[in-house]
Amino acid sequence: LVGDQRQLRPMVERSVQKGLLEEFGEEGKELARSDFERAFDSTYGQRNAMVLDEQYRMTPTISDLVSDIFYKPHGVELKPSPDRKADATFQNLPSELSTPVVWFDTKKMGHANEKARNDGRDIWNDAEIRTVISLLHRLAAEDSLFNELAKTGEPQIGVICMYSEQKRRIVREWSQQPLSETFKQLVTIDTVDAYQGKENAIVILSLVRANREIITGHVGHANRCNVAMSRAKERLFIVGNSAMWSNPKCKSPLRTVLTAVMGMKTTEGSLLDAEALRS
């Protein structure tokens, strides 16, 4: 068996989860785990499992961030392959795009909190939609970056949304932008659940949640956050409201991520005002 129990678990319908809990109590949660996860965590697994800890996708800054937050607490440390070379395509970019990890803070923007409908089943964030579109425009303006990414003939910029309603609204807004079809073909927009196993040179992650009650929803699930952050090869741009994710009441790995970004060296990461991106 080969797998990674720190990423997305098997999809189990809510009605099935509810039925398992009603019939088996807390033991029902065990049935939501994958066979791989149970095998890895078993006595046999602890004795015989081998951890493949060398990764080839992420640049070291992103790799270290993912490792520190999602793997080290469980006794595993991801190591960037020594054979992985920095991509010269990403040299000499403007300051807001120059570091491997950037958190674009929407706190000072209008409509910075989430909105919802259908009894909370559809959740979106207007400030983050505007920021994502602005960031895509900023990337499109970098001619040398655009030309190099276009040579691959495949999408190189991924927008990962934590909620499907956010995806639908970004797709609609993106379709109306006056940019070349060549650049638009470089961009793919999807939910985190659809992204496991995929990768992009640049990932823009829209967290969506921002509310006074500090309800994180499934952005509080470590597995989902791990997948979202570990899809990026060269640049990870996180879009979120720092008032939400820095709150002591926030029970999400993203609070740790924000703290880590704020403490990074200037060559590794930064926290930037998203409003300035739109100027």
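Here are some notes:
- Contact order relative to length of region 150-279, as percent, for alpha carbon pairs under 8 angstrom and 6 or more apart: 24 percent
- Max mean-square fluctuation residue, GNM over the chain, Cα-Cα springs under 10 Å, options LYS198, LYS108, LYS151: LYS151
- The residues of region 12-53 expose on average 82 square angstrom of accessible surface per residue, using a 1.4 Å probe on protein heavy atoms.
- Accessible area per residue in Å² at 1.4 Å probe, computed on region 119-161: 40 Å²
- From the C-alpha gyration tensor of region 155-225, square roots of 5λ in Å: 24, 15, 8
- Share of Cα-Cα pairs in region 35-82 lying beyond 18 Å, as whole percent: 37 percent
- Accessible area per residue in Å² at 1.4 Å probe, computed on region 180-249: 33 Å²
- Temperature 20 °C, viscosity 1.002 mPa s: under these conditions the Stokes-Einstein estimate for region 153-279, based on its Kirkwood radius over C-alpha pairs, is 139 µm² per second.
- Contact order relative to length of the chain, as percent, for alpha carbon pairs under 8 angstrom and 6 or more apart: 24 percent
- The chain: most fluctuating residue of MET264, MET58, MET50 per GNM, C-alpha cutoff 10 Å: MET50
- Relative to the longest principal axis of the Cα atoms of the chain, the long axis of helix 164-175 makes an angle of roughly 20 degrees.
- Rounded percent of accessible protein surface that carbon and sulfur make up, region 57-141, 1.4 Å probe: 44 percent
- Against the chain, whose longest principal axis comes from its Cα atoms, helix 253-262 is set at around 40 degrees.
- Across the accessible surface of region 143-200, with the other protein chains kept in place and a 1.4 Å probe, carbon and sulfur atoms take up 43 percent.
- Distance between region 1-74 and region 215-279 - C-alpha centres, whole angstrom: 22 Å
- What the pair-distance distribution of the chain shows, using all Cα-Cα distances binned every 10 Å from zero, is 6, 28, 35, 22, 8, 1 percent.
- Which listed pairs, of LYS85/LYS233; LYS79/LYS249; LYS72/LYS265, have C-alpha distances above 23 Å, in listed order: LYS79/LYS249
- Within a Gaussian network of the chain (alpha carbon springs, distance under 10 Å), most fluctuating of GLU128, GLU77, GLU148: GLU148
The values are calculated or read from the model by the stated rules, or taken from the named source; none is laboratory data. Quick caveat: nothing in here was measured; it's all calculated off a predicted structure. The protein model used for the area step is the full one, side chains on, heavy atoms only, and it has no ligands, DNA or RNA in it. Shrake-Rupley method; radii C 1.70, N 1.55, O 1.52, S 1.80 Å.
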